[in-house]
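A.B. asks: The structure that follows is given in the form of C-alpha cells.
The values are calculated or read from the model by the stated rules, or taken from the named source; none is laboratory data. Predicted, not measured: the structure shown is a model, and the values here were computed from it. A quick note on method: Cβ atoms are made from the backbone with ideal geometry, for glycine too, and the neighbour counts reach across all protein chains shown.
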Amino acid sequence: MLLKKFKAKIVPSSFPWCVMVRTVFKVAIVGAGGGIGQPLSLLLRQVEGIDELALHDLRGTKGIAADTGHISEHGTVSGYVGKEELEPALLGANLVVVTAGMPRVPGMTRDHLMQANGGIAIHVTKAIACACPEALIAISTNPINIVVPTAAEVLKEAGVFNPNHLFGITTLDVVRSKKFIGDHMNINPLKVNIPVIGGHTGPTILPLFSQCQPAFRGDNEDIERLTHRIKEAGTEVVLAKGGAGSATLSMAYATCCFVQSLIRAQNGQEAIIECSFVASDVADAPFFAGPVELGKEGIKRCLKIPQLNEFEQKSLDKLLPILRKNIEDGVNFAKTFTK
Ligand code: LMR
C-alpha cells in the first residue's frame, strides 16, 4: 500500500557503501497550459515537498516544463501533451490538481460551464481512476459545486472513491475574504482568518463574519457589503477582463496555498485547517464547503458548523436547497454521461 502510494527511490547517500531509500512525491497538474495552470506550475516550483511535477494539457506543456524546469529549485518537471499522454502524466501521482476547463465570460454563471466542463471532468476523473486511484484529487474546474459530485460518481463507478481524497478548491473565497476584510480593518490580510462555507457560486458562498479572527470591526452594513463583494468577486474579475476569461492569477495563488497545506499535512504537520468543498455530513447536503482538518489520509475530519448569527443562519438555510440541486445535477450528469 505504502509502496503503491509513494514510489521508493534509491538515492545514493554521501557514504559510498550504503544507499538511502526515500519517497518521491509527485504532483500532476491537468490543465497546466491554461490561464490558471501556467502560473500554478510556476508557483508550485517553490513549494517544498514536490519531487516531480507532471504538467498535462492539450498543448504547450513541453515548453512550460522546460521553462519552469530551469528554475533553481528542487525537483523535476515533465510535460505531457494530448489525450494519449494524460494517463502517463498521472501515473504514480500522489496528488492531481485539475484546472482544465473553459472559463466563463460576462453574462454567464459558473453553472453554465457544466455544458463545457462536465465532459472534461469525467474524462480526467476516469483517467485518474485508472492511473493513480489512490491519489489526492483537488479540483478547481468550474462549476465546482457540480463537477466535484460528478467526479465522485465516476470514482464510485470505478470502485475507487475515497471521500477523504477528493477536494473542490474553494480557497480563493477565503483568500478574497482575507484581503477585503484586511483592507477594511486596515490590517495585514494574512493576519485575517475567516471560514467560508457553502459552495463556490455567488448564491452559495457564505463567509462567516461571526467567526472572523481577529474579531471583525464594522457594522451590519459593512458585513452585508463585504459579504456581497466576496460572493460576487469572481464576477468582478470576469467583468474586468471583459470577455477574456475569469480569475487566473489569484486562483493559481489560492490553489498553490491549498496544495501547500495538503503536502504539509501529508508530511505529518498537525492541525492544518483549510476550507474546501468535500463529501461531508456537517450540513444537510452530501457535499459542503467548510473548514476541514487535513492529515496524512487527506481529510482527517470535517469541522462542525459553528454557532451562527441570525444573518448567517438565514443565508445558510437559503443556500442549502441550491447546493443540493447542484449536487443532484452533478450526480445525474455523471450517470447520463457514463451510460
Ligand atoms: C472565481 O471565483 O474567480 C472562479 O470561480 C472563476 C469564476 O468564474 O468566477
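A.B. asks: Any residue in segment 86-105 that's closer than 17 Å to residue 60 by Cα: show its pairings with residues that are small (Gly, Ala, Ser) and within 11 Å of the ligand (Cβ to nearest atom) at Cβ separation under 7 Å, as long as the two are six or more apart or on different chains.
C.D. replies: Listed pairs, sorted by first residue: 98/140; 99/140.
A.B. asks: Please state which one of 111, 57, 67 is closer than 18 Å to residue 138 by Cβ, at pLDDT 95 or above and of a type in the set (Asp, Glu).
C.D. replies: Exactly one of 111, 57, 67 is closer than 18 Å to residue 138 by Cβ, at pLDDT 95 or above and of a type in the set (Asp, Glu), namely 57.
A.B. asks: Can you find a residue that is in contact with a helix residue (DSSP H, G or I) (Cβ under 9 Å, 6 or more places away or on another chain), within 16 Å of the ligand (Cβ to nearest atom) and of a type in the set (S, T, N, Q) anywhere in segment 149-161?
C.D. replies: Within segment 149-161, not a single residue is in contact with a helix residue (DSSP H, G or I) (Cβ under 9 Å, 6 or more places away or on another chain), within 16 Å of the ligand (Cβ to nearest atom) and of a type in the set (S, T, N, Q).
A.B. asks: For segment 39-141, list the strands (runs of 3 or more DSSP E) that sit wholly inside it and hold at least 2 residues that are within 16 Å of the ligand (Cβ to nearest atom); which are they?
C.D. replies: On the way: elements: 52-57, 76-81, 95-98, 136-139.
Correct list: 95-98, 136-139.
A.B. asks: Specify the residue that is farthest from residue 137 (Cα to Cα); the eligible residues are those in segment 297-310 that are touching a helix residue (DSSP H, G or I) at 6+ places or on another chain (Cβ under 9 Å) and surrounded by fewer than 15 Cβ atoms within 10 Å (Cβ to Cβ). So that I can check it myself, show each step before the final result.
C.D. replies: In the first step, residues of segment 297-310 are kept if they are touching a helix residue (DSSP H, G or I) at 6+ places or on another chain (Cβ under 9 Å); the result is 297-300, 305-309.
From what's left, surrounded by fewer than 15 Cβ atoms within 10 Å (Cβ to Cβ): 297, 306-307, 309.
Numbers: 297: 12, 306: 27, 307: 30, 309: 33 Å.
Filtering segment 297-310 for residues that are touching a helix residue (DSSP H, G or I) at 6+ places or on another chain (Cβ under 9 Å) and surrounded by fewer than 15 Cβ atoms within 10 Å (Cβ to Cβ), the one farthest from residue 137 (Cα to Cα) comes out as 309.
A.B. asks: Looking at segment 231-244, I want the residues that are over 23 Å from residue 199 (Cβ atoms) and have a partner that is more than 6 Å from the ligand (Cβ to nearest atom) with Cβ atoms under 6 Å, at least 6 apart or on another chain. Which pairs are those?
C.D. replies: Close Cβ pairs satisfying both conditions: 243/105.
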